[in-house]
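Every number here is computed from the coordinates shown, using simple stated rules; none is lab data. Please read these numbers as outputs of a predicted model, since none were measured by experiment. Cβ sites come from the backbone with ideal geometry, for glycine too, and all protein chains shown count toward neighbours.
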Amino acid sequence: MSDDCNRTPFWQRQPRLPLEVHRFLQDRMEAALHDPEARQHLVWPTILGAPGIRKAHPEGLAEADLLNHAARMLGALGHHDPEGAWRAHRDAWPDTAEAGSTGWRPASAWGAWGPLVSLRSGWQLAALTPLPLGARYPLACGVSLFNHGLFHECHDALEPLWSGAQGDLKDQLQGLVLLTGGYHHLQMHNLGGLRALWEEALGRLAACGGRVATPWGEVRAEAALDLTARRLEHGKRISADADDADDEAVFGPLWALDRPTWELA
């Protein structure tokens, strides 16, 4: 696991996003999960919402500067025509940016959420950029997104694999989907949700011991299962009226344990 992955800013409570911002992020992520070429569309919101760039260019970032910022990120994806990539992005996603008096600004619909849109898009891009392409790509996306603390996105990556599987593999993939869903509930501080999903996930993954063999590689989640079981044990000790309890008393021990990660072998 990379140092960047270890320092994920998403291993903490997350805010509930406005629906429009949530859909903005989800639409681009779903495109990138479906087609690796679409990863390039994560570059532009990463740049345009960055706080430093917004502060330096409140009326818009000049297009030449925008393309210079994008060149390195696009190059890591094998794209070496920033101007063409920006043109293609504007055609596909016209809701990303609007023209200001001095250049391009993030869409006004982002409102005050621009820094978070930038951070999340950038972290999505970091998770997906180095992955192997071909048949392993969807599963590799799920593992990398989980390891970067992007649990909602991990759920979206794994769900199509689960829906197309059969037998034991389907059951085990559902266990992984439920496991990551529980960690998304942890980010939302939803105690009832995480308890329900983790309990079912651990039951579905018990038989394989957290090693899920798939046609695209083996997901090794044994340590994650142990950490989740310990969190679930604490969660079950919390009374039913925990919604009125102090957040630190309820959720502090859940965050204090190590962050779970998976390995793709």
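General observations
- For the range 26-160, the Cβ-based charge dipole about the Cα centre amounts to some 400 debye (Lys, Arg positive; Asp, Glu negative; other atoms uncharged).
- Å³ per residue enclosed by the Cα convex hull of the chain: 131
- Once the chain from GLU30 to HIS80 is taken as fully extended at 0.36 nm per residue, the excess over their C-alpha distance is 15.7 nm.
- Across the alpha-carbon atoms of the range 91-234, the computed radius of gyration and Dmax are 17.9, 61 angstrom.
- Looking at the range 1-93, the GluC sites (Glu not before Pro) that sit in a DSSP loop and have at most 16 other Cβ atoms within 10 Å of their own Cβ are GLU59.
- Each of PRO215, ALA256, GLY175 was scored by the projection of its Cα onto the charge dipole of the range 134-264, and the greatest displacement toward the positive side belongs to PRO215; charges sit on the C-beta of Lys, Arg, Asp and Glu.
- Unit charges on C-beta of K, R, D, E only; dipole of the chain, Debye: 260
- For HIS34, HIS234, order by how many other beta-carbon atoms lie within 10 Å, fewest first: HIS34, HIS234
- With both labels modelled 7 Å from their Cα along Cα-to-Cβ, the ALA223 to SER163 distance reads 3.3 nm.
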